[in-house]
Amino acid sequence: MRAVAKLDDTATGPFWTPPLPVDRDELSPSILSELDQRGERQSFKGYVLQIYDAPDSKPSGVFEIAFCAKSRTACAIYEAETQDGRDAKRRVVTTDPHWLAAVSPRDAAGTFFQLLVDTPPEA
């Protein structure tokens, strides 16, 4: 599925879709492992948000989010496909799961994005 952001031509990215509900058990194994370690898998709902760098571009990545409305917590990862410079093969890169305080899946996405922007790259 492809969602296209409806923005004016002067808008700059990144942008993401509204949270799309997914079956919780289809989330990344790393998120499911985090939920199981806390013994809380049943309390969380799954969401995916496609990320775009420009309004008319194809998705550049995905946020996967497990969100619990009762505890107002979320566990999130970022996934993107990249090309390996050594052999020109495409591969998926994924962040480690991060726990966040959030009031909604959309709030979790914004908080997680800011965390990614503010975290210096590993050397």
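Within the bounds of the stretch 20-40, is there any residue that is in a helix (DSSP H, G or I), more than 22 Å from residue 115 (Cα to Cα) and small (Gly, Ala, Ser)?
No; the residues of the stretch 20-40 include none that is in a helix (DSSP H, G or I), more than 22 Å from residue 115 (Cα to Cα) and small (Gly, Ala, Ser).
From the set of residues in the stretch 29-77 that are surrounded by 19 or more Cβ atoms within 10 Å (Cβ to Cβ) and of a type in the set (Ser, Thr, Tyr), which is modelled with the highest pLDDT?
In this case the residue turns out to be 47.
Give the stretch 61-81 a look and list any residue that's small (Gly, Ala, Ser) and touching a Gly at 6+ places or on another chain (Cβ under 8 Å), or say none.
Scanning the stretch 61-81 gives 66, 80.
Take the residues in the stretch 80-97 that are surrounded by 12 or more Cβ atoms within 10 Å (Cβ to Cβ) and touching an Asp or Glu at 6+ places or on another chain (Cβ under 7 Å), then tell me which one is farthest from residue 38 (Cα to Cα).
Result: 94.
So, residue 86, is that one free of Cβ contacts under 8 Å to residues at least 60 places away in the same chain and part of a loop (DSSP other than H, G, I, E, B) or not?
yes
Results for (1) modelled with pLDDT of 90 or more; (2) under 10 Å from the mean Cα position of the chain (by Cα); (3) among the aromatic types (Phe, Trp, Tyr); (4) more than 14 Å from residue 16 (Cα to Cα), shown as yes or no for each residue.
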position	(1), (2), (3), (4)
80	no, yes, no, no
84	no, no, no, yes
88	no, no, no, yes
91	no, no, no, yes
94	no, yes, no, yes
102	yes, no, no, yes
108	yes, yes, no, no
113	no, yes, yes, no
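The values are calculated or read from the model by the stated rules, or taken from the named source; none is laboratory data. Values in this document were obtained by computation on a predicted structure and should not be read as measured data. For neighbour counting, all protein chains shown are included, and Cβ atoms are generated from backbone atoms with ideal geometry for every residue, glycine included.
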